[in-house]
Each structure stands twice: as structure tokens, then as C-alpha cells.
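Below is one structure, written out as C-alpha cells; the observations come after it.
The values are calculated or read from the model by the stated rules, or taken from the named source; none is laboratory data. Please read these numbers as outputs of a predicted model, since none were measured by experiment. Note: ideal-geometry Cβ built from the backbone for every residue, glycine included; neighbour counts use all protein chains shown.
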Amino acid sequence: MHMYKTPEYRRAQAKVRDAASAAADGWQLEGAVHVHITVFCPRMHRKGAAEGLPMLDVDACVKGTLDALEDSGALGDDAQVMLLSSSKVYQPAAPGIFVYMSELDATSGAELTQRLLQATQGAP
């Protein structure tokens, strides 16, 4: 299946790739990885089931971001991602993407999952 990518999508993906490449500076994550992606959206839905929510398909942003991280060399293969979390936030003044990545070991994956659950539920 071939997916059509708009010029805007390709530009955003290139920005993520270039930023990740510069940040990694030749360094690459190895083994199992956790990736969290926050997308800052410039617009809101105005009608329908998503009215009042940030306008963006977070799954499309995640796929494009993971591909860009792989293309940058910061991530050897997006198949390394064992834990993936994402969020989107309405922020018209500064749209963009924030990426957090870390290597996981057998115990840190469970600990990180617990912390993420607590964080998303507002627990201290």
C-alpha cells in the first residue's frame, strides 16, 4: 500500500529528521526503546465528534516521526520501539513536535509504564 504524503507532511518530517540528526550527533539508541511524542497543534476542530479538540491525527504524526527518527540515525530501526506513548496539545503560538527517547531494559519498561500511567492520571 502506498500512502500519499502532502508537501506539508514531508516538510514536517524533514524538520524532525534534521533536528534528531543534529541532537543525536552520531549517537544511536540500541535495543528496546521507549519513545514519547507530544504534538503541539495550531488549530482546533470546530464541529463534529472532535469539536474543541486539537486538529491533528496523532497516529499519522507518530508514524511520520518514527520514520524521521529512523532516517536521522538516532534510532536504528523503528522496530526497536517497545513502548510508545503520544499526546497532542493545542498550542497555536508554537506548533511543533517534542520527542523523548530512552533505552529500556527488562525492569525499566515496567517501571516506566507505571510512571506514565500515574502521570496521565494526574497522580503525584
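Residues are listed down the side, and each one gets a yes or a no for (1) modelled with pLDDT of 90 or more; (2) more than 16 Å from R17 (Cβ to Cβ); (3) touching a helix residue (DSSP H, G or I) at 6+ places or on another chain (Cβ under 7 Å); (4) among the basic types (K, R):
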{"residue": "M44", "(1), (2), (3), (4)": "no, yes, no, no"}
{"residue": "M55", "(1), (2), (3), (4)": "no, yes, no, no"}
{"residue": "V58", "(1), (2), (3), (4)": "no, yes, no, no"}
{"residue": "C61", "(1), (2), (3), (4)": "no, no, no, no"}
{"residue": "D71", "(1), (2), (3), (4)": "yes, no, yes, no"}
{"residue": "L75", "(1), (2), (3), (4)": "yes, no, yes, no"}
{"residue": "L83", "(1), (2), (3), (4)": "no, yes, yes, no"}
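Being of a type in the set (A, V, I, L, M, F, W, C), loosely packed, with under 13 Cβ neighbours inside 10 Å and within 25 Å of Q121 (Cβ to Cβ): is that true of V89 here? Yes, satisfied.
Pairing each residue of segment 31-52 that is more than 16 Å from Q91 (Cα to Cα) with any residue that is crowded, with 16+ Cβ neighbours inside 10 Å and β-branched (V, I, T), provided the two are 6+ apart or on different chains, yields C-beta distances under 9 Å for A32/V81; V33/V81; H34/V81; V35/V62; V35/T65; V35/V81; V35/V99; H36/V99. Filtered by the rule that a residue be hydrophobic (A, V, I, L, M, F, W, C) and either assigned to a helix (DSSP H, G or I) or free of Cβ contacts under 8 Å to residues at least 40 places away in the same chain (or both), segment 55-102 gives M55, L56, V58, A60, C61, V62, L66, A68, L69, A79, A93.
Residues that are exposed (fewer than 15 other Cβ atoms within 10 Å of the Cβ) and closer than 14 Å to L29 by Cα within segment 44-79 comprise G76, D77, A79, listed in sequence order. Within segment 16-43, restricting attention to residues that are exposed (fewer than 12 other Cβ atoms within 10 Å of the Cβ) and hydrophobic (A, V, I, L, M, F, W, C), the residue that is nearest to M101 (Cα to Cα) is W27.
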